[in-house]
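One structure is given below, encoded as structure tokens.
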Amino acid sequence: MQEQELLVWGQPTLAQKRLLQAAVEKSEKAIAYWQEWSELVDIETLDSESYRLLPLLYRNLSPYEIGDQQFAKLKGVYRRTWCENQVIFKQLTEILQEFQAASIPSLLIKDAALCLLHYSDIGERTIHNFEILVDPQNALTASNLLSKMGWKPKKPIRDRLSPSECVWEFTHSGNLQLMLRWHLFWDSFSESLERSFWHRAQEVPVGDTSTHVLHPSDRLFYVCVAGGIHNPVFPLVRLVDAHRILDSDAAEIDGDELCDRVNTFRFLLPFQNFIKVFEEIFQIPFINSTVSATKILPISAFEEQEWRCLHANSRSLFNRLQHKYFGYQRRYGAPEYQVNWVKFLTTLKS
């Protein structure tokens, strides 16, 4: 398979690369990146991935006193993001307090966790929705608590968890969105594979309460591969997230351990893609030479065939059966091509 065929996401455009550089660079080079980016785009018609970086761009360029009209618009985006995130964290605090009262351990992941841990103020990073991970045995209780608090599920909540589900989406007045998860990945990995994430999670304060967050190594791993090979849009903000994690917590990140995670979860393909783009844009090695070298390792037959299946222009019975098969492999952590037919047939019914 040729390299370009293995791309998981569409690659960042030149404008998106300059935006990322302008938002992260800590020298006056940031001004040059800003100027080139502003000539390439119309801020009024900006793509959503780029828009999410505007608050950080504003904060990074603020010391240089840029006075043009385009920059003035960034300030408005930053202020709006700050206000919206204030509301989100207020709601989050109330939810975590209810979970604690009900003895439901929680783990804050993705946007809200990264905003809380790796950005200088909550206006710098947009939070598309906030996500809370709970243990599968607590998912139903947690969903009922959310319903009592005025959160409405987008789909009816069943009285038991489906093997094919790992998340329920809730909405609240003001268009707030919450994802309640009981597995970290869309492929509903087994509890045994995910238990280690819980074992070394770290407690952090949130408002008047607290929750847990992933260990820095796991946080970086999740930033790099969240969504796996199912995400059709390159996650620009995750590149900045990874940069921030490495900048603040590099001493706590074990590169060999990170690579073990990638291999255990069979996410070498999205991980390679992430590293290549990260190093190209920011011109720094990803952790160290050992981890950087993973970008040239051969992709396993499992990941290659899974990728072909997901991107095939076919909805044939065979293709759908293949899709279920790969879901089974990921969900139960089975060795490659060794099928437990009872479990596999169970997935066909879900």
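Find the residue count for the range 277-328, including only residues that are among the aromatic types (Phe, Trp, Tyr), touching a Ser or Thr at 6+ places or on another chain (Cβ under 7 Å) and within 28 Å of Glu191 (Cβ to Cβ).
1
Can you work out which of the residues in the range 50-73 that are open to solvent by less than 30 Å² (accessible area, probe 1.4 Å) and not hydroxyl-bearing (Ser, Thr, Tyr) is nearest to Val237 (Cα to Cα)?
Leu53
Within the range 292-350, which residues are of a type in the set (S, T, N, Q), farther than 16 Å from Pro163 by Cα and at pLDDT below 70?
Gln338
If you take the residues of the range 183-220 that are open to solvent by less than 10 Å² (accessible area, probe 1.4 Å) and within 20 Å of Ala101 (Cα to Cα), which of them is nearest to the chain's Cα centre (by Cα)?
Val213
Determine which member of the set Lys148, Lys154 is within 17 Å of Gln177 (Cβ to Cβ), surrounded by fewer than 20 Cβ atoms within 10 Å (Cβ to Cβ) and among the basic types (Lys, Arg).
Lys154
Kindly indicate whether Leu116 is over 15 Å from Met179 (Cβ atoms), assigned to a helix (DSSP H, G or I), open to solvent by 10 Å² or more (accessible area, probe 1.4 Å) and out of contact with any Ser or Thr (no Cβ under 8 Å at 6 or more places or on another chain).
Spelling it out, Leu116 is indeed over 15 Å from Met179 (Cβ atoms), assigned to a helix (DSSP H, G or I), open to solvent by 10 Å² or more (accessible area, probe 1.4 Å) and out of contact with any Ser or Thr (no Cβ under 8 Å at 6 or more places or on another chain).
Residue by residue through the range 250-262, note down the ones that are open to solvent by less than 50 Å² (accessible area, probe 1.4 Å), part of a helix (DSSP H, G or I) and among the hydrophobic types (A, V, I, L, M, F, W, C).
Selection gives Leu258, Cys259, Val262.
Identify the residue in the range 168-180 that is surrounded by fewer than 21 Cβ atoms within 10 Å (Cβ to Cβ) and outside any loop (DSSP other than H, G, I, E, B) and, among all such residues, is farthest from the chain's Cα centre (by Cα).
The qualifying residue farthest from the chain's Cα centre (by Cα) is His172.
Of (1) more than 19 Å from Phe130 (Cα to Cα); (2) acidic (Asp, Glu); (3) touching a strand residue (DSSP E or B) at 6+ places or on another chain (Cβ under 9 Å), Glu203 satisfies all except one. Which?
So Glu203 meets the others, but not (1).
Starting from the range 50-71, take each residue that is within 15 Å of Ile122 (Cβ to Cβ) and of a type in the set (A, V, I, L, M) and list its partners that are in a loop (DSSP other than H, G, I, E, B) and open to solvent by less than 40 Å² (accessible area, probe 1.4 Å), counting only C-beta distances under 6 angstrom and pairs at least six apart or across chains.
Matching pairs, first to second residue: Leu56/Glu124.
Starting from the range 263-292, keep only residues that are open to solvent by 30 Å² or more (accessible area, probe 1.4 Å), then list their pairs with residues that are assigned to a loop (DSSP other than H, G, I, E, B) whose Cβ atoms are within a distance under 7 Å, requiring at least 6 positions of separation or different chains.
Here the result reads Arg266/Ser300; Glu279/Pro285; Glu279/Phe286; Ile287/Ile253, each pair linking the range 263-292 to a residue that is assigned to a loop (DSSP other than H, G, I, E, B).
The values are calculated or read from the model by the stated rules, or taken from the named source; none is laboratory data. In this text, all values refer to a predicted model and were calculated from it rather than measured experimentally. With ideal geometry, Cβ positions are generated from the backbone for all residues, glycine too; neighbour counts draw on all protein chains shown. Just so you know, the surface numbers come from the protein's heavy atoms only, side chains and all, with ligands and any DNA or RNA stripped out. Shrake-Rupley method; radii C 1.70, N 1.55, O 1.52, S 1.80 Å.
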